[in-house]
Amino acid sequence: MLWQAWRRGLTAIAALAGPARVGKAAGAHYGARMKFLTALLLFVFAATSSCSKHPLDGGWTEHTQGAPRVLEFDAASDKVFVHAHGRTDGGSEHLNGTYTLTGTELSVAWEDGGKKLSFTGKLVGEHLELTDPAGSKVEFHHGGQAH
């Protein structure tokens, strides 16, 4: 049933794609046109359906009174980019680290001034709560950019 609806849709598109032919050549032309349109539609479907969003995709801004850090996770790897605002000279630091996401459990680590910082936490929708080994908690919300 779904295949029939698909074929009717392709037939309608094929009718718009070019004039009909008569005789034996019409079948060959129609078949080639249908194959092309089917391949094109399958490509478009595959391209759009594979764009599933990674749960950490985008920037994550720290909840803080001072200058917030922004975390940006690379969904294609285990890399995290840390943009730390609020240096004493008014600038910001750019730090690189790694992360591991298993279900909703997250561990993140990066090095800042030779000191390794590591956090574990939980991802809940648009909120991320990380805890350092000493038990200090840092909260982030989805949204924000490094620049």
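Within the stretch 96-137, can you find the residues that are in a strand (DSSP E or B) and hydrophobic (A, V, I, L, M, F, W, C)? Step through it out loud before you land on a result.
Going residue by residue through the stretch 96-137, those that are in a strand (DSSP E or B) are 96-102, 105-112, 115-124, 127-131, 137.
Listed by number, the residues that qualify are L101, L106, V108, A109, W110, L117, F119, L123, V124, L128, L130.
Of the residues T64, T102, which single one is polar (S, T, N, Q), within 17 Å of the chain's Cα centre (by Cα) and at pLDDT 75 or above?
Answer to the check: T102.
The values are calculated or read from the model by the stated rules, or taken from the named source; none is laboratory data. Predicted model only: the values in this text are computed from it and were never measured.
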